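The values are calculated or read from the model by the stated rules, or taken from the named source; none is laboratory data. Bear in mind that the values here come from a model prediction, so they are computed numbers and not experimental data. Here the Cβ positions follow ideal geometry from the backbone for every residue, glycine too, while neighbour counts run over all protein chains shown. Only protein heavy atoms, including side chains, enter the accessible area calculation; ligands, DNA and RNA are left aside. Shrake-Rupley method; radii C 1.70, N 1.55, O 1.52, S 1.80 Å.
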Amino acid sequence: MADHYAAQNRSAPAAMEAFWMPFTANRQFRDTPRLLASAEGMYYRDVDGRQILDGTAGLWCCNAGHARPRIVEAVARQVATLDFAPNFQMGSPLPFVLAERLKAIAPRPLDHVFYTNSGSESVDTALKIAIAYQRARGEGQRVRLIGREKAYHGVGFGGISVGGLPNNRKWFGTGLPGVDHLRHTLDIGRNAFSRGLPPHGVELAEDLERLVQLHDASTIAAVIVEPIAGSAGVILPPPGYLQRIREICSRHGIVLIFDEVITGFGRVGEPFAAQRFGVTPDMMTTAKGLTSGCVPMGAVFVSTDIHDAFMQGPDNAIDLFHGYTYTGHPLACAAALAALDTYEEEGLLTRARGLEQYWEDGLHALRGKPHVVDIRNFGLIGAVELAPEDGRPGARGYQVLERAFRKGLLVRTTGDTVALSPPLIVERHHIDDIFSMLGEVLDSL
């Protein structure tokens with residue numbers, strides 16, 4: 001019976017009208033479908049049996065690669081043992097076991113974990129906790145949230161409000177009240193083709209002081225930033241930028257949240273970007289690589305101070321009126337534990353450090369290709385910025401996506417930015433293949 005369901009994924013469906021695909025030009029897709037049928041290791045296969053090298057770890061999430069045996073077995077055994085257990089006023093063992101494992105790799109004092117089912121839910125959870133924390137410590141007037149331009153924090157109303165991508169915001173009303181934004185740090189004019197962190201722009205952190213003076217610190221609950229903005233096209237922090245944001249938040253009693261949905265679980269050569277950059281936030285939002293993309297799951301890491309502020313009052317009082325039906329789902333926990341074991345056994349959480357220079361050299365070898373105006377990289381993340389066609393923004397990016405897929409390479413595009421983030425099991429010959437194929441595609445534009 002199980003083979004019956006798997007078989008349906010190996011060939012093109014008879015009809016494609018009913019499924020409204022997310023973040024997709026649906027009519028265009030139905031004309032030229034790109035349908036993935038199976039995956040293993042570094043590769044997908046499409047419904048025609050063609051091999052597709054995964055240059056994006058799925059959607060920034062399959063950090064251990066595809067169909068890893070330990071993860072597959074853990075999920076299969078778990079669904080036959082305990083398929084679901086509620087975590088409202090009762091629980092099951094695995095969420096507690098997993099939380100201890102996560103605590104062990106997180107920066108101190110982020111010693112507590114609240115589970116979600118996605119990065120979007122992690123962001124909205126962290127924002128709610130930040131506002132509730134300010135109230136719990138007697139500063140209920142602190143309800144303002146500060147995000148950053150060009151930021152992507154998921155698709156909940158909290159996330160799109162603090163996010164800074166116009167198309168994600170303008171269709172859905174005014175969003176949450178009392179939200180403001182820092183300027184972004186993308187400065188191609190001064191930093192084009194920088195290797196690693198861009199040298200210019202640390203002064204942009206002073207935007208936070210400006211907003212503190214504008215709104216008064218006593219009204220601000222939290223600041224949320226991505227250490228590296230992924231979905232907007234790999235926007236990197238200048239050296240010292242995150243440290244300065246941390247200093248300003250600490251001085252004014254503002255909760256600092258790092259959105260590590262993309263950068264978490266080894267993408268930049270440490271378990272979390274907070275460790276790579278030497279800056280510890282008060283909360284971290286995660287998802288994606290937590291289960292290596294196998295089962296939807298997210299987690300918010302919370303400092304001891306914030307957690308303990310809620311542990312007051314009668315013992316029988318609910319301390320946080322928030323959660324999801326699938327918070328700490330047994331299948332997700334099993335997948336996450338198996339992913340953590342795989343990361344540990346294969347050294348994947350730090351492996352990007354050893355490949356970083358080779359990745360950087362291969363990526364920057366694309367400089368000089370047609371229409372390339374910038375290249376950005378850090379850890380095993382990269383971006384190639386293309387000059388847009390006159391009057392047709394995003395057209396070149398889509399051409400790269402489509403032509404790369406037909407050539408046998410999966411890339412991610414945001415407008416005219418081509419983003420890359422391979423599974424952490426990538427070898428040098430895979431890196432050579434990624435940039436060889438991408439170079440041929442760029443030459444064809």
Fill in: Residue list for the stretch 412-445, filter: open to solvent by less than 30 Å² (accessible area, probe 1.4 Å), part of a helix (DSSP H, G or I) and over 20 Å from residue 356 (Cα atoms)
441, 442
Practice prompt. Kindly provide the set of residues from the stretch 361-385 that are touching a residue at least 24 places away in the same chain (Cβ under 8 Å), in a loop (DSSP other than H, G, I, E, B) and either among the polar types (S, T, N, Q) or over 21 Å from residue 59 (Cα atoms) (or both), ordered by number.
Written response: 365, 366, 367, 369, 370, 371
Response to the item:
Inside the stretch 6-32, the number of residues satisfying the requirement of being of a type in the set (A, V, I, L, M) and over 29 Å from the mean Cα position of the chain (by Cα) is 4
Worksheet item: How do the pairs read when you match residues in the stretch 310-330 that are assigned to a helix (DSSP H, G or I) with residues anywhere that are of a type outside the set (Asp, Glu), using Cβ under 6 Å and keeping only pairs 6 or more apart or on different chains?
Response: 330/78; 330/82; 330/85; 330/92; 330/94
Worksheet, complete the sentence: With the first residue restricted to the stretch 204-222 and required to be farther than 18 Å from residue 127 by Cβ and part of a helix (DSSP H, G or I), and the second required to be of a type in the set (Phe, Trp, Tyr) and open to solvent by less than 50 Å² (accessible area, probe 1.4 Å), Cβ contacts under 8 Å at 6 or more apart or on different chains are 204/241; 205/241
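Given the condition more than 25 Å from residue 33 (Cα to Cα) and in contact (Cβ under 8 Å) with a residue 24 or more places away in the chain, answer yes or no: does some residue in the stretch 403-425 qualify?
Yes, the stretch 403-425 contains at least one residue that is more than 25 Å from residue 33 (Cα to Cα) and in contact (Cβ under 8 Å) with a residue 24 or more places away in the chain.
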Practice prompt. Find the residue count for the stretch 181-201, including only residues that are buried (at least 18 other Cβ atoms within 10 Å of the Cβ) and not in a loop (DSSP other than H, G, I, E, B).
Written response: 3
Discussion item. Suppose we keep only residues that are farther than 29 Å from residue 71 by Cα and β-branched (Val, Ile, Thr) within the stretch 320-377. Which one would you say is surrounded by the fewest Cβ atoms within 10 Å (Cβ to Cβ)?
Written reply: 373
Item to complete: Restrict the check to the stretch 56-74 and report whether at least one residue is among the acidic types (Asp, Glu) and open to solvent by less than 60 Å² (accessible area, probe 1.4 Å).
Response: no
Worksheet item: So residue 279 clears everything in (1) out of contact with any Lys or Arg (no Cβ under 6 Å at 6 or more places or on another chain); (2) surrounded by fewer than 24 Cβ atoms within 10 Å (Cβ to Cβ) except one condition, right? Which one?
Response: (1)
Worksheet item: Tally time: how many residues in the stretch 159-168 are touching a residue at least 24 places away in the same chain (Cβ under 8 Å) and in a helix (DSSP H, G or I)?
Response: 2
Worksheet item: What tally of residues in the stretch 386-411 results from selecting those that are open to solvent by less than 60 Å² (accessible area, probe 1.4 Å), outside any helix (DSSP H, G or I), on the phi < 0 side of the Ramachandran plot and of a type outside the set (Val, Ile, Thr)?
Response: 5
Worksheet item: For the stretch 82-98, which residues satisfy the criterion of being in contact (Cβ under 8 Å) with a residue 60 or more places away in the chain and in a helix (DSSP H, G or I)?
Response: 94, 95, 97, 98
Practice prompt. Residues being open to solvent by 10 Å² or more (accessible area, probe 1.4 Å), outside any helix (DSSP H, G or I), touching a helix residue (DSSP H, G or I) at 6+ places or on another chain (Cβ under 8 Å) and among the small types (Gly, Ala, Ser): count how many of those fall in the stretch 114-158.
Written response: 2
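Hey, could you check the stretch 282-319 for residues that are of a type in the set (D, E, K, R) and over 30 Å from residue 423 (Cβ atoms) and say which is surrounded by the most Cβ atoms within 10 Å (Cβ to Cβ)?
That would be 282.
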Item to complete: Within the stretch 15-45, count every residue that is touching an Asp or Glu at 6+ places or on another chain (Cβ under 9 Å), of a type outside the set (Ser, Thr, Tyr), in a strand (DSSP E or B) and on the phi < 0 side of the Ramachandran plot.
Response: 3
